[in-house]
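Q: Once you've had a glance at the structure underneath, I'll fire off some questions.
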Amino acid sequence: MRRRPRLGGPFANWRAEDQLTDRLTDRPDHALVGVVRMPAPSASPVRAISRRILGALVALVVTVLLVYLDRDAYSDTDGTPVTILDAFYYATVSLSTTGYGDIAPVEASARLVNVLVITPLRVLFLIVLVGTTLEVLTERSRQALKIQRWRSKVRDHVVVIGYGTKGRSAVTALLGEGAEPGSIVVVDMNPTALEAASSLGLVTVNGTGTRSDVLRVAGVPRARAIVVAPERDDTAVLVTLSARELAPKAHLVAAVREAENVHLLRQSGADSVVVSSETSGRLLGMATTTPSVVEMFEDLLSPDIGLAIAERDAGRSEIGGSPRHLADIVLGIVRGGRLYRVDAPEADAIEEGDRLLYVKKVTSPPDE
């Protein structure tokens, strides 16, 4: 009996995972808490605990003062007058709802104060003490509501699949170009990477980019652009295939380590392919002979300060003119989705609808 061939490596995992497609998308929004993480303002644990302790102490001190100032309205079982220590004792057992009954309000004024003031303070005291538990419970509900709202409204965002060195650099470039952190979604399985992305205010999805249901949860079908930046080239091919199938109109950019795999990424649907290892190798080689050239490249690729490569629409007054005669240093013209270098015959004159690739000066933000 002939045995059927089996695919090994990530292809086998992809086929096995593909049989589980749509498990995430079939879940209700509240079941995605822990898979999707919405950005939230982070507070120091020490500060949060200190705030709760301070609130409890304030409630305790106020209760002690109320009891001690009206101590004649309270009676002790041993018949002695109520002291400041007795006031602390009564406030503590009252706010903690222990209530031994050895000290009790006997006059109407004291009982009224207990009803109107001490009882609300008791409730506040208990809320402060169990605040951590309540916060855990309410945080899950808040995350579920945020996920539901985000999934219904997310449009024209950028999905970064893989948050390693390349993915982090891509996010840094996007943020440097003015992108809102909430408009960037990171897909990864590394908890450390997801935590780092969440600390920047990015939306994170815990899962592998080779699964179509994970990409759907990340909003890939409605994304404006997709950055494929896994560690392995074969994974990049699978992710590109899945992402292109879900988002045929999105601009898809992929990174590979080896140049021999570029054609596979393009055949899989990538609009642009960046060869990371060869690009780094060229810069390393150039740095041994012309380090100033490498320094200029780093300046152009850094969006924070100095010079940067940017793209803009051609102005009406520039149509018909030569890009070489503009005040900006123009490197090329994008026409009909195709790039023409400034020295190409097609770039002799600027036409309506052209976009100019130019070098702009980036000024550092003022010190705050």
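No lab work stands behind these numbers, since they all come straight from the coordinates. Bear in mind that the values here come from a model prediction, so they are computed numbers and not experimental data. Please note: Cβ atoms are built from the backbone with ideal geometry, for glycine as well, and neighbour counts cover all protein chains shown.
Q: If you average the alpha carbon positions of the range 286-363 and of the range 60-81, how far apart do those two centres end up, in angstrom?
A: A separation of 80 Å, based on Cα centres.
Q: Over the range 206-363, what is the mean sequence separation of C-alpha contacts under 8 Å (at least six apart), divided by residue count, expressed as relative contact order in percent?
A: Dividing the mean separation by the residue count of the range 206-363 yields 16 percent.
Q: From the phi angles alone, apply the Karplus equation (6.51, -1.76, 1.60; θ = phi - 60°) to the range 70-83 and give each ³J(HN,Hα) in whole Hz, x where the residue is Gly or Pro.
A: 3J(HN,Hα) across the range 70-83, in whole Hz: 10, 5, 5, 8, 10, 10, 9, 5, 8, x, 7, x, 7, 9.
Q: Would you calculate the convex hull of the Cα atoms in the range 155-301 and tell me its volume per residue in Å³?
A: 106 Å³
Q: If you project the alpha carbons of the range 242-368 onto their three principal axes, what span does each projection cover, largest first, in Å?
A: Sorted largest first, the three principal extents are 43, 39, 38 Å.
Q: Another question, if that's okay. Determine, for LEU69, LEU339, the number of other Cβ atoms within 10 Å of each Cβ, and report the residues in order from fewest to most.
A: Exposure proxy ranking, most exposed first: LEU69, LEU339.
Q: A follow-up question, please. How do THR83, THR240 line up, fewest other C-beta atoms within 10 Å first?
A: With the sparsest Cβ surroundings first, the list reads THR83, THR240.
Q: While we're on this one: List, in the order given, every pair from LYS153/LYS360; LYS166/LYS249; LYS146/LYS249; LYS153/LYS361 whose Cα-Cα distance in the structure shown is over 30 Å.
A: Listed pairs above 30 Å: LYS153/LYS360; LYS153/LYS361.
Q: Sorted by mean Cβ packing within 10 Å, highest first, what order do the peptides 196-208, 218-230 take?
A: 218-230, 196-208
Q: Right, another one. ³J(HN,Hα) across the range 225-234 via Karplus (A = 6.51, B = -1.76, C = 1.60, θ = phi - 60°), whole Hz, x for Gly/Pro?
A: 8, 10, 10, 9, 9, x, 7, 10, 5, 5
Q: While we're here: Obtain the radius of gyration and the Kirkwood radius of the range 254-308 from its C-alpha atoms and give Rg over Rh.
A: 1.09
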